[in-house]
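Just below is one structure, and these are the notes that go with it.
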Amino acid sequence: MNSSKNVLSNDVEIKGSIKFSHDLIIDGKIEGEVQSDGSLTVGENALIKGEIKTRSVIIFGKVEGNITVVERCELKSNAILVGDIDAGTLSIEEGATFMGASKVGRKPEASKPAPLGGNRPASA
């Protein structure tokens, strides 16, 4: 497994969408959507204005936008999030600021009721 992390340092400003595969640390300013099947770390100097859709995210800085993650969303003590969260699990440290709604938990795929007229046992 590739253990190297990609870093966008605090002097980087991007307007537009970002897509990446593995892990990314952002410590700069992003205006636009951030998308990945990897893990995102939002550094303490970072400001992201836009949606985040990743496997997991750890926030030390500021995010203005909705977050959708498959696994874990962590808000560290100095984090500021203005937006909604949809995550598998959510961790909010004391001191973090979160203004928005949250939907936490796995989507119950296996426990969906069978469609009407679906697989019923044959009558004897």
### Query
In region 65-78, which residues are surrounded by fewer than 20 Cβ atoms within 10 Å (Cβ to Cβ) and under 15 Å from Ala101 (Cβ atoms)?
Gly65, Asn66, Thr68
### Query
What number of residues in region 27-40 are under 19 Å from Ser91 (Cβ atoms) and either in contact (Cβ under 8 Å) with a residue 24 or more places away in the chain or not in a strand (DSSP E or B) (or both)?
1
### Query
Which members of region 4-25 meet the condition of being in a strand (DSSP E or B) and either touching a residue at least 24 places away in the same chain (Cβ under 8 Å) or acidic (Asp, Glu) (or both)?
Glu13, Asp23
#### Entry: Qualifying residues in region 1-24 (those that are crowded, with 18+ Cβ neighbours inside 10 Å and not acidic (Asp, Glu)) - the one farthest from the chain's Cα centre (by Cα)
Leu8
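Among the candidates Ile48, Ile58, Ile30, single out the residue that is within 11 Å of the chain's Cα centre (by Cα) and either at pLDDT 95 or above or not hydroxyl-bearing (Ser, Thr, Tyr) (or both). Full working, then the answer.
Working: Ile48 fails: within 11 Å of the chain's Cα centre (by Cα); Ile30 fails: within 11 Å of the chain's Cα centre (by Cα).
Of the residues listed, the single one that is within 11 Å of the chain's Cα centre (by Cα) and either at pLDDT 95 or above or not hydroxyl-bearing (Ser, Thr, Tyr) (or both) is Ile58.
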### Summary
Here the residues within region 85-105 that are among the aliphatic types (A, V, I, L, M) and part of a strand (DSSP E or B) are Ile85, Ala87, Leu90, Ile92, Met99, Val104
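The values are calculated or read from the model by the stated rules, or taken from the named source; none is laboratory data. Remember, predicted model here, so these are calculated numbers, not experimental data. Note that each Cβ is placed from the backbone with ideal geometry, even for glycine, and that neighbours are counted across all protein chains shown.
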